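What follows is one structure encoded as structure tokens, with my remarks underneath.
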Amino acid sequence: MGYIPGPRTLSEHPNHFLNCQEVIADAFRQLAEQAVMAGWGETEVAGALVDIADCHTLSLASNLETERMFDQAIKGGRWRMSDRYPETSDGRYFVVRGRLWRKSDPALDEATGNRLVKDLMSARRAVRDAKGDPDAMANARHLVDDAKVALGERGAPWWEDGAPDYNRHMAKNTPYAEWFANLGE
């Protein structure tokens, strides 16, 4: 992957975000081309890159929120995701940048939930620390997935009414579309 130059403008500049896109576009295309040359389909690569970007965005937001939630739990306070992100009325999802993200299983007892959140935070730190080591990164991502499955945020849905899972779907493309559209009112 080639050199990526630093910002040419201050973050307040109206073209700052566009400039960022321009400087990483070549590296992005190179990465996609390398994956296709390795045998992955173009559609698979495109989908994977979109998913990675979405996960990265959520991770940036949720790392801080998870740490805050854990701090609150240690102090005996109750913290709810809805303090920052809108939640669906059925309590199954919260929304970040228009995308539904499955909430933790509310049936988890407090001690188990706190332990799993601590495991998740530790696993996310392991991902951060594994940069450049593919084996450590794979192991760390597996730990993140294990923690999220145990929390009920991934894997089989924790609800038992047979309703489909819309985790990671855009809210506007789900039965929650009308609710989501009315949030701004």
Identify the residue in the stretch 146-179 that is without any contact (Cβ under 8 Å) to a residue 60 or more places away in the chain, surrounded by 15 or more Cβ atoms within 10 Å (Cβ to Cβ) and among the charged types (D, E, K, R) and, among all such residues, is nearest to ARG92 (Cα to Cα).
GLU153
Could you go through the stretch 152-167 and let me know if any residue there is touching a Leu at 6+ places or on another chain (Cβ under 7 Å), among the aliphatic types (A, V, I, L, M) and modelled with pLDDT of 85 or more.
no
State all residues of the stretch 141-154 that are of a type outside the set (Val, Ile, Thr) and touching a Lys or Arg at 6+ places or on another chain (Cβ under 8 Å); if no residue qualifies, say none.
ASP145, LYS148, GLY152, GLU153, ARG154
Looking only at the stretch 89-138, and only at residues there that are surrounded by 15 or more Cβ atoms within 10 Å (Cβ to Cβ), assigned to a loop (DSSP other than H, G, I, E, B) and in contact (Cβ under 8 Å) with a residue 12 or more places away in the chain, the one that is nearest to the chain's Cα centre (by Cα)
LYS103
For PHE17, all conditions in the list (1) part of a loop (DSSP other than H, G, I, E, B); (2) modelled with pLDDT under 80; (3) farther than 30 Å from SER122 by Cα; (4) not polar (S, T, N, Q) hold save one; what is the number of the exception?
(1)
Being touching a Leu at 6+ places or on another chain (Cβ under 8 Å) and of a type in the set (Val, Ile, Thr) is the requirement here; does VAL96 meet it?
yes
Lone unmet requirement of (1) modelled with pLDDT under 60; (2) touching an Asp or Glu at 6+ places or on another chain (Cβ under 9 Å) for LYS103
(1)
Among the residues of the stretch 42-51, which ones are more than 16 Å from GLY98 (Cα to Cα) and surrounded by 11 or more Cβ atoms within 10 Å (Cβ to Cβ)?
GLU42, GLU44, VAL45, ALA46, GLY47, ALA48, LEU49
Scan the stretch 59-77 and give yes if some residue there is crowded, with 16+ Cβ neighbours inside 10 Å, in a helix (DSSP H, G or I), at pLDDT below 90 and among the basic types (Lys, Arg), otherwise no.
no
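The values are calculated or read from the model by the stated rules, or taken from the named source; none is laboratory data. If you're wondering where the values come from, they're calculated on a predicted model, not measured in any experiment. Ideal geometry is used to build each Cβ from the backbone, glycine not excepted, and the neighbour counts take in all protein chains shown.
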